[in-house]
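Beneath this line is the structure, given in structure tokens, with notes to follow.
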Amino acid sequence: MLRPVFKFWAMRLLAIATVGVVMATTLTAVARADTTTAVTVGADYWGSPSEPARYLPGYASPRYQPLTPWVRGQLQHRTDTDFGPLTLTASGRTDPEHQGRIDRLDADLRMGHGGVRVGVLPYRLTWCRADGGPWLSEPDAFCRFAGLNEVAEGAFGLQAYRSALAGGFLIDGMAGIYRPLIDGQNDKLGPFVPVGPTVKHQAYGASVNAVHLATGIEARAGWLRTAQDQNSDTGSYQRRMRYDSFYLAMQGNITQRLDLRASLSGYVGDQANPAFPFAWNGKSKTLELIYKPDSTQSMAAGLSRYTNITTYPAPPNGQALQVDSLSFAWRKDWPMGIYTVLQTTRSTDDSTTRRGVQTQRAGTAYGLRLAKTF
């Protein structure tokens, strides 16, 4: 019952922030200030001749629809202050699956080579793309699947950051603490269905990004520690989950038109409760090639492998899962802010239960996106 209430007020806070930023633009005429807005409206179609392939759109999502309309919007206002540039950002999205989400509602004050942010913030742990980039569904399972992509989202919190030049590298570092219960948008953790109301949800983490200025090669490392407690609906136990997420990646140009990205995403955690304790270890290895024949087109190929091992205290005490996928996509930017994305993904998975029963299956999915940015 609490989540709709939080969302109700969160969406209205976004509207209030939008009005406030517009008013601030009018009132700060004497200072250097600028405001930018962007609204993208689109629809995705994602279909599969068979059942949805694991961890692709439509898998394990009761609200998913093959034809999905969506809207994303962002408003950003920047003004100078006595302390440094202040940027206010409000962004969000709505679609049948998310049913409205505030991605950002924050203030960012930059002071010299560093600064602080406060509000509803992205964790900035990964390179997951807000709009998918050339993809309709990204190859990395930690970016595309709702049960794993908490690390690609964010929550209410405080971040401190700093930039520096060292040995031919531009280095950006950031650390943050987060309290998701304040904005109330994350009522589950990982791919697990909530057992009852969340009574504790806290996170903290850090990330470092480095760009080699001579070659443009970029590297990223990030880590997020999450703790969540849920009381069971029956009141008979409390589920306590402790969870470390990490992200390592590198990207750069092979040629003037060909980009390469390689990443390793993962989580290690455990669930403690009297009824069903276990530990899990999941990893996603991803390789992407993106070819840009001109400024209006991107052609992408992606290969990924997601593995998960779950360990239980009593024998039989282990089960395993491996999901391999191969994806191809083509994005075309047309005049008047219109763009399209075509994608096909072939996914196979092998799973082994605690009792050694093996299951193999495969599926192919096809997707189309039509969108316009205003």
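For segment 226-239, a tally of residues being buried (at least 16 other Cβ atoms within 10 Å of the Cβ) and part of a strand (DSSP E or B) returns 7. Residues that are part of a strand (DSSP E or B), buried (at least 19 other Cβ atoms within 10 Å of the Cβ) and acidic (Asp, Glu) within segment 75-106 comprise Asp103, Asp106, listed in sequence order. Of all residues in segment 261-272, those that are touching a residue at least 60 places away in the same chain (Cβ under 8 Å) and within 11 Å of Arg305 (Cα to Cα) have Cβ atoms under 7 Å from Cβ atoms of residues that are β-branched (Val, Ile, Thr) and outside any strand (DSSP E or B), 6 or more apart or on another chain, in Ser265/Thr126.
When restricted to residues that are at pLDDT 90 or above and either closer than 30 Å to Val41 by Cα or part of a loop (DSSP other than H, G, I, E, B) (or both), segment 315-346 contains 22.
So which residues in segment 110-126 are surrounded by 16 or more Cβ atoms within 10 Å (Cβ to Cβ) and touching a Gly at 6+ places or on another chain (Cβ under 6 Å), if there are any at all? Listed by number, the residues that qualify are Arg110, Leu121, Pro122, Tyr123, Leu125. Step by step: first the residues of segment 46-70, then only those that are under 25 Å from Arg104 (Cα atoms) and either exposed (fewer than 14 other Cβ atoms within 10 Å of the Cβ) or of a type in the set (Asp, Glu) (or both), then the one that is modelled with the lowest pLDDT. Which residue is that? Ranking the qualifying residues of segment 46-70, first place goes to Arg63. Among the residues that make up segment 253-269, is at least one of them among the hydrophobic types (A, V, I, L, M, F, W, C), part of a loop (DSSP other than H, G, I, E, B) and out of contact with any Pro (no Cβ under 9 Å at 6 or more places or on another chain)? Yes. Please indicate, with yes or no, whether at least one residue in segment 247-263 is within 16 Å of His201 (Cβ to Cβ) and in contact with a Gly (Cβ under 6 Å, 6 or more places away or on another chain). No, every residue in segment 247-263 fails to be within 16 Å of His201 (Cβ to Cβ) and in contact with a Gly (Cβ under 6 Å, 6 or more places away or on another chain). Candidates in segment 291-331 are the residues that are more than 23 Å from the chain's Cα centre (by Cα) and among the charged types (D, E, K, R); of these, the one that is farthest from Asn281 (Cα to Cα) is Asp294.
From the set of residues in segment 332-361 that are among the polar types (S, T, N, Q) and within 30 Å of Phe278 (Cα to Cα), which is farthest from the chain's Cα centre (by Cα)? Only one residue tops the list, namely Gln358. Residues that are touching a strand residue (DSSP E or B) at 6+ places or on another chain (Cβ under 7 Å), assigned to a strand (DSSP E or B) and on the phi < 0 side of the Ramachandran plot occur at least once in segment 190-198.
To keep it simple, each residue is scored yes or no on (1) farther than 26 Å from Phe169 by Cα; (2) at pLDDT 90 or above; (3) among the basic types (Lys, Arg); (4) crowded, with 20+ Cβ neighbours inside 10 Å.
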{"position": "Asn253", "(1), (2), (3), (4)": "no, yes, no, no"}
{"position": "Arg257", "(1), (2), (3), (4)": "no, yes, yes, no"}
{"position": "Ala262", "(1), (2), (3), (4)": "no, yes, no, no"}
{"position": "Phe278", "(1), (2), (3), (4)": "yes, no, no, no"}
{"position": "Lys285", "(1), (2), (3), (4)": "no, yes, yes, no"}
{"position": "Ile290", "(1), (2), (3), (4)": "no, yes, no, yes"}
{"position": "Pro293", "(1), (2), (3), (4)": "yes, yes, no, no"}
{"position": "Thr296", "(1), (2), (3), (4)": "yes, yes, no, no"}
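Close contacts from segment 205-221, counting a first residue that is among the hydroxyl-bearing types (Ser, Thr, Tyr) and a second that is at pLDDT 95 or above and surrounded by 14 or more Cβ atoms within 10 Å (Cβ to Cβ), with Cβ to Cβ under 7 Å and a gap of 6+ residues or different chains, come to Ser207/Met174; Ser207/Arg220; Ser207/Ala221; Ser207/Gly222; Thr215/Gly252. Give me the residue from segment 142-176 that is within 16 Å of Trp127 (Cβ to Cβ) and touching a helix residue (DSSP H, G or I) at 6+ places or on another chain (Cβ under 8 Å) and, out of that set, surrounded by the fewest Cβ atoms within 10 Å (Cβ to Cβ). For segment 142-176, the residue satisfying everything is Asn149.
The values are calculated or read from the model by the stated rules, or taken from the named source; none is laboratory data. Bear in mind that the values here come from a model prediction, so they are computed numbers and not experimental data. Cβ: placed from backbone, ideal geometry, glycine included. Neighbour counts: every protein chain shown.
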